[in-house]
Amino acid sequence: MEEYLNLIPVRNEKIKLRKIDGKYYLLIPMDSMLDFLARKLHGDYRRIELDEVGAYIWELCDGRRTVREIGKALKTRFGDEVEPLYERLLVFLLNLHKRYLITFIKPNEEIENGDYHERSS
């Protein structure tokens, strides 16, 4: 688990968080040719509903904070409600990663036009 705590989660720029009718949703554009029928039936976006904790985590995945720092912010805001903290946080982040909604970079990397580059000091 320790190796994950120093990684920096970065949101996919195409995905937007919106509050609709009091609920939080990640809006995922259906922009591939294979999504044609789904767009006709459901609109231009797939939705993933998030609770308040999930929406807060999403906002913190800004490419500047490590998983450890996100965990500390969660603990400060939500207290014991988020325990076991890092186990739950990592499961959530890994699920986002599996769906290509976030990526992880190492502290000495940065993303430029979707490509990873070593940060210059």
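Among the candidates Arg46, Arg88, Arg65, Arg18, which residue alone is assigned to a loop (DSSP other than H, G, I, E, B) and within 16 Å of the chain's Cα centre (by Cα)?
The unique qualifying residue is Arg65.
Among the residues in region 57-73, are any among the small types (Gly, Ala, Ser) and farther than 18 Å from Glu13 by Cα?
Within region 57-73, one or more residues are among the small types (Gly, Ala, Ser) and farther than 18 Å from Glu13 by Cα.
In this structure, is Tyr56 touching a Gly at 6+ places or on another chain (Cβ under 7 Å) and hydroxyl-bearing (Ser, Thr, Tyr)?
no
Each value in this text was obtained by applying a stated rule to the coordinates, not by laboratory testing. The structure presented is a predicted model; accordingly, all values stated were derived computationally and were not measured. In this analysis, Cβ positions are derived from the backbone assuming ideal geometry, glycine residues included, and neighbour counts consider all displayed protein chains.
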